[in-house]
Amino acid sequence: MATTLPASAVHSMHIASSICPNTPVGSPPPHDSQHGHIHQPTPTDARKAFASAIFLTTQYQAYTPPASPSSSQINDISTTLPKESIIPLELNVEPPASATVISPTVEVECQVRARIPTIAGGEMFLYSYKNSQDTKEHMAIVYGSDIRSRSLDRPRPGETALDRIVRGAYQGDRLPQLINDETQAASLESISPYLMPYAMLPRHDLQAYHSPPLVRIHSECYTGETVHSARCDCGEQLDRAMELMQAEGRGIIVYLRQEGRGIGLTEKLKAYNLQDLGFDTVNANLLLGHGADERQYGIAAAILRDLVSDGSEPPQIRLLTNNPDKIEQLEKHGLKVGKRVPMVPRSWTPDPSGKQTPKHKEMDRYLEVKIRRMRHLLDSPVQDG
């Protein structure tokens, strides 16, 4: 059955759509009878119309709003339609079940590891994994020679010594440099005999763990890590985790390919546009039909078991996080979070004088919403007013 919108909703949609003339609506746009031309909306008109259309098209069956005032009667959307009326604080919408359901046990296998020297002077190993749940290349950034992948080191049917070298399943932290500028034309087969001692050593001599490793579960964030967006603190969290682990000499960052709290980059950018209209990061996701946070950590738990399992159950870690959902999900997947290590945003870290000075209004708002609506364990220095 077709649904007929109330006239006030159609009028609001006309105003909003007149900014994009190709957008079809049900009837001609409002006409200025005095001057004989189509009314050109102001930014205030557009803001009011957009929110009014959202409100009316989703709520009109249960609520009949008052007549919309003209643009001369308002200076801001909040004077006519209170924020609580347009978008209630919690939206009365439950996130999709996928946002909270713990998936079945995930199987992972490390495909390759490679040594990565860093511009800071240290080194790490980057591990690439495949898994039984999706087709993405999730990764682990590993500091410390005593942390190794069991699935990588496990012998595989029919493989040669060279196969093991190429996928990084060799003994020790570094391969011998057998090739120089004069011998670049050498074939892999010609150097294979020299690699036998590195590839064929038993894989059961790994050093025992002295203490639970420091771990960070990090979800991919192109905007925060690559273009240094101030809409989130993801980039600085990744940098800080690397700094701490390099200083400590060991640690694991599980890097999950679940951009935008699990909704993907395209949908995250749509959410950014809604945030520019004033919606917070949670409401923006919900308005797009997503959960507030759709990330799952079953793959991360499986990767950690592959890297830190020492025969004791459950494997124990120290988790670098402010997010209680990560702790809860990892423990449901059989890991033990022995200690939570807080992550304090750089802009919220006290300077030598003891003062905390937030520097990014948009990042501050994002962090405040995570504290208030997503249970993040962080003390805010932001003062009202």
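General remarks:
- When A241, A199 are checked against the criterion of being out of contact with any strand residue (DSSP E or B) (no Cβ under 8 Å at 6 or more places or on another chain) and open to solvent by less than 70 Å² (accessible area, probe 1.4 Å), a single residue qualifies: A199.
- Q171 vs. criteria open to solvent by 80 Å² or more (accessible area, probe 1.4 Å) and either hydroxyl-bearing (S, T, Y) or assigned to a loop (DSSP other than H, G, I, E, B) (or both): no
- Check on L269, under 17 Å from H138 (Cα atoms), assigned by TED's automatic domain parsing to the domain that holds Y366 and part of a helix (DSSP H, G or I): no
- Sub-7 Å Cβ pairs linking a first residue in the range 236-248 that is touching a residue at least 12 places away in the same chain (Cβ under 8 Å) to a second residue that is part of a helix (DSSP H, G or I) and crowded, with 17+ Cβ neighbours inside 10 Å, at least 6 apart or interchain, are L238/E225, ordered by first then second residue.
- The residues of the range 127-150 that are over 19 Å from I317 (Cα atoms) and open to solvent by 20 Å² or more (accessible area, probe 1.4 Å), listed by number, are S128, K130, N131, S132, Q133, D134, T135, K136, E137.
- Only one of the numbered conditions (1) buried (at least 18 other Cβ atoms within 10 Å of the Cβ); (2) closer than 17 Å to V308 by Cβ is violated by R231, and that is (2).
The values are calculated or read from the model by the stated rules, or taken from the named source; none is laboratory data. From a predicted model like this one, the values you see are computed outputs, not experimental measurements. Cβ coordinates were reconstructed from backbone atoms using ideal geometry, including for glycine residues, and neighbour counts include every protein chain displayed. Accessible surface is based on the protein model in full, side chains and every heavy atom, while ligands, DNA and RNA are left aside. Shrake-Rupley method; radii C 1.70, N 1.55, O 1.52, S 1.80 Å.
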